[in-house]
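Only one structure is covered here, and it is reproduced in the block below.
Rule-based calculations on the coordinates, nothing more; no lab input. If you're wondering where the values come from, they're calculated on a predicted model, not measured in any experiment. For neighbour counting, all protein chains shown are included, and Cβ atoms are generated from backbone atoms with ideal geometry for every residue, glycine included.
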Ligand code: NI
């Protein structure tokens with residue numbers, strides 16, 4: 001059974017067939033889904049999904065592109081949503097210098113605040129980092145405590161950077177990109193990653209793997225990702241699915257009773 005560690009099923013791309021698709025997921029080997037929020041609005045829609053579907057859990061956090069909407073008042077509200085019984089992570093949070101929608105200091109400020117929140121509430125973090133390799137690593141190092149755990153989602157940096165995150169106890173999120181022919185760097189990363197540190201993710205509706213590249217993505221495509229990882233690691237696909245499921249349970253459920 002597959003653990004989908006990063007999806008956005010509240011996205012409007014799923015408005016026409018969300019409930020059919022989610023029941024299909026459940027019938028086709030997707031055991032759990034963590035739906036990840038990115039804005040204040042998507043925190044609400046993510047929690048609504050988690051309340052409606054027993055197999056969906058929520059990550060609550062504000063994406064670096066959206067931190068401009070944060071202030072002390074709604075940050076207090078955000079904290080309350082982190083205490084929801086189905087919230088299993090703080091995310092997605094981080095730095096995005098590709099879209100560069102907010103200035104770097106603003107992004108860093110709210111990244112720190114959200115990491116502090118995660119530490120206080122003992123939640124793992126889901127980190128989004130795009131073209132912000134050095135700054136993300138620096139912020140995470142500064143915030144690091146042995147208790148703060150997390151995943152670097154849709155990892156796009158070099159093996160040396162992955163190694164630094166592994167040393168701090170982080171997991172690495174691997175999605176559809178690993179099936180792309182030109183994804184040489186990510187394939188190198190996957191080759192060096194210990195299997196017990198990999199999480200499978202889609203980031204759907206984005207980043208569909210080959211052979212569905214360019215189409216709307218969904219968790220139903222995760223077997224293609226597992227297959228690509230298995231090939232790079234010289235493992236059986238089933239083993240990749242089993243180990244990554246265990247990894248995600250460890251990180252998100254932290255041994256608690258469901
Ligand atoms: Ni995402």
Taking a ≥ b ≥ c as the square roots of the eigenvalues of the Cα gyration tensor, with a/c under 1.5 meaning rounded and otherwise prolate when a/b exceeds b/c and oblate if not, the chain is rounded
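Can you tell me the length gained on complete extension of the stretch residue 83 to residue 158, counting 0.36 nm per residue apart and subtracting the Cα distance? Please list the in-between numbers first.
Numbers: separation 75, 0.36 × 75 = 27.00 nm, distance 3.48 nm.
Between residue 83 and residue 158, full extension yields 23.5 nm more.
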The distance between the Cα centres of region 189-253 and region 61-99, in whole Å, is 25
Scoring region 2-253 by relative contact order with C-alpha pairs under 8 Å, at least six apart, yields a percentage of 19
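Could you give the length gained on full extension between residue 31 and residue 236, defined as 0.36 nm per residue of separation minus the Cα-Cα distance, in nm? Numbers along the way, then the final one.
On the way: separation 205, 0.36 × 205 = 73.80 nm, distance 1.91 nm.
Contour length minus Cα-Cα distance gives 71.9 nm.
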Simple spin-label estimate for residue 145/residue 55, 7 Å along Cα→Cβ, in nm, reads 3.6
Within region 38-80, the residues whose backbone N lies under 12 Å from a label point placed 7 Å from the Cα of residue 101 along the Cα-to-Cβ direction are 38-42, 62-70
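Could you work out the helix-only [θ] at 222 nm for the chain, with each DSSP H run of four or more residues adding -39,500 (n - 2.57) and the total divided by the number of residues, to the nearest 500 deg cm²/dmol?
Numbers: 9 runs with 105 residues, N = 258.
So the calculated ellipticity at 222 nm is -12500 deg cm²/dmol.
Compute the projected area of the convex hull of the Cα atoms of region 1-135, averaged over all viewing directions, and report it in nm² to one decimal place.
8.4
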